[in-house]
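S.K.: What follows is a structure written as structure tokens; I'll ask about it next.
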Amino acid sequence: MPEASFTVTIESMTNASRSNGHRPVQLDEVSKAIIEQLQADGRRSYADIGKAVGLSEAAVRQRVQRLTESGVMQIVAVTDPMQLGFTRQAMIGIRASGDTRVLAEQLSEIPEIDYVVLTAGSFDLLAEVVCENDEELISLLNSRIRNLDGVNSTETFVYLKLQKQFYNWGTR
């Protein structure tokens, strides 16, 4: 297997802060600049960030800690699933009955699912899956997702190629 490559990036807003319905956190310009520095390069040192935003290394470290502890952001390594042996990715549109929040929680417990959103439109929920192969995807669909209470139907969109995936949308 080829050596796995990865990119360290930053995601603004954790799942908990996205879904809790709270209003956006008000950030000062320095915190916004720190976030934007990390979005450009999640491996950037606190010293380098400090130079760019006019703070000491210790002050940047404290702010990053507060931003992560409060759920405003998280710093994660984003991998290329193909290089790690996960050859099948797909988005699954789910039409449901009942409380979609309950179904979303159940879907979130499935390890192969890395993304769950409640939506308005043709589907009630969307779930992104990362599987080792087509057999695992078929098993996941038939044995675990379609068997959940409230799932009326699914439509699977198999990824042929990931063209773009960025997390550097900046701050407001």
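A short reminder: the numbers here are calculations on the coordinates, not readings from a lab. No experiment lies behind these values; they were computed from the predicted model shown. Here Cβ is always computed from backbone atoms with ideal geometry, including for glycine, and neighbour counts include all displayed protein chains.
S.K.: Residues of region 32-59 being in contact (Cβ under 8 Å) with a residue 60 or more places away in the chain and among the small types (Gly, Ala, Ser), which ones?
M.R.: Result: Ala40, single match.
S.K.: Taking interchain pairs and intrachain pairs at least six residues apart, which have beta carbon atoms under 6 angstrom, with the first residue in region 100-125 and closer than 17 Å to Glu136 by Cβ and the second outside any loop (DSSP other than H, G, I, E, B) and small (Gly, Ala, Ser)?
M.R.: If the second residue must be outside any loop (DSSP other than H, G, I, E, B) and small (Gly, Ala, Ser), the pairs left are Leu107/Ala127; Ile113/Ala127.
S.K.: Suppose we keep only residues that are among the hydrophobic types (A, V, I, L, M, F, W, C) and under 25 Å from Val76 (Cα atoms) within region 99-113. Which one would you say is surrounded by the fewest Cβ atoms within 10 Å (Cβ to Cβ)?
M.R.: Only one residue tops the list, namely Ile110.
S.K.: Taking the conditions exactly as written (hydroxyl-bearing (Ser, Thr, Tyr) and not in a loop (DSSP other than H, G, I, E, B)), does Ser31 satisfy them or not?
M.R.: Yes.
S.K.: Now, a different point. Scan region 114-125 for residues that are part of a strand (DSSP E or B) and either buried (at least 19 other Cβ atoms within 10 Å of the Cβ) or on the phi > 0 side of the Ramachandran plot (or both) and report the count. Quick ask: steps written out before the conclusion?
M.R.: Start the filter on region 114-125 by keeping residues that are part of a strand (DSSP E or B), which leaves 114-118, 125.
If we keep only those that are either buried (at least 19 other Cβ atoms within 10 Å of the Cβ) or on the phi > 0 side of the Ramachandran plot (or both) too, we end up with 116, 125.
So the count comes out to 2.
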